[in-house]
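Trainee: For reference, the structure I am asking about is given below.
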Amino acid sequence: MRFKKLLLMATAACMIVGFTGCGAGSDSSSSANSGSTETSSEASSESSEASSESTDANQEDLVTMLYRGGKAKVGDKYEDIKDNLGEEESPAEEIEPCDPDAPVSTMYFYEQMNMYVPNDTGIITAINSGFDSKNPSDFIGTAAGITLGDSMEKVKEIYGEPTIDNGSGYIYDIGDVRVDFEAGQKKTKDVVVSIYYSELTEEMKEAIANQ
């Protein structure tokens, strides 16, 4: 239950920043993430291109999640892929957006993973997965070959140099998707403990270009 609440909080925070049109949140978040890298918009763009070109994995694999043998990615219709994910861990919850003009969305909960889906489109706009030190987590990963519990060094080997190195993880902007690999603390500081996929909106791209 504690894990689920942490995921809900993390995803809700990103939802407010990236999906509901709360411009101030988007700008401040992007600035905070990019501050540690001290890169220009051109450097960010070049890093993003380098990350996808320096790996043998194709772009779709880089942004696709593997979960218990099933696949899902941002941009998929939830109804089209839900049968591949197995049973939900707990009932779905509706999430009210911070922007009153934005649609109500639904959060779907699975073991060590949740999905955020706006009700008006039914299209997945965020996927969040988290490492559980007490249980195996190798059934969650990317189609490119990273699973929860892998080293952060392996992330670079497969994905290349990150678009943003925020000091606690690597962020890759690939096409219209942002993939965020976060490391843990202390014993897991060099280990992937969460993988977060989100829609790379035009607002986010503009914020990056204006840095």
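Values in this text are rule-based calculations from the coordinates and carry no lab data. On a predicted model such as this, the values are computed, not experimentally measured, just so you know. FYI the Cβ positions are ideal-geometry reconstructions off the backbone, even for glycines, and counts take in every protein chain you see.
Trainee: For segment 74-211, how big is the tail of P(r) above 17 Å, as a whole percent of Cα pairs?
Mentor: Roughly 63 percent, once rounded to a whole number.
Trainee: Further question: If each of residue 210 and residue 119 carries a label point 7 Å out from its Cα toward its Cβ, how far apart are those two points in nm?
Mentor: 3.1
Trainee: Quick one: what are the phi-derived ³J(HN,Hα) couplings along segment 108-123, Karplus 6.51/-1.76/1.60 with θ = phi - 60°, whole Hz, x for glycine and proline?
Mentor: The phi angles translate into 9, 10, 10, 4, 6, 7, 9, 10, 10, 9, x, 5, 6, 10, x, 9 Hz.
Trainee: Can you tell me how much longer the chain between residue 104 and residue 187 gets when fully stretched, taken as 0.36 nm per residue apart minus their C-alpha distance, in nm with one decimal? Spell out each step's value before the answer.
Mentor: Values: separation 83, 0.36 × 83 = 29.88 nm, distance 3.88 nm.
Between residue 104 and residue 187, full extension yields 26.0 nm more.
Trainee: Taking the Cα centre as origin and putting +1 on Lys and Arg beta-carbons and -1 on Asp and Glu beta-carbons, what dipole magnitude results for segment 62-211, to the nearest 20 debye?
Mentor: My answer is approximately 740 debye.
Trainee: Sticking with the crude label model, points 7 Å out along Cα→Cβ, report the distance from residue 151 to residue 96 in nm, one decimal please.
Mentor: For residue 151 paired with residue 96, the spin-label model returns 4.8 nm.
Trainee: Each label point is 7 Å from the Cα along the Cα-to-Cβ direction; what then is the distance between the points at residue 202 and residue 80, in nm?
Mentor: 2.2
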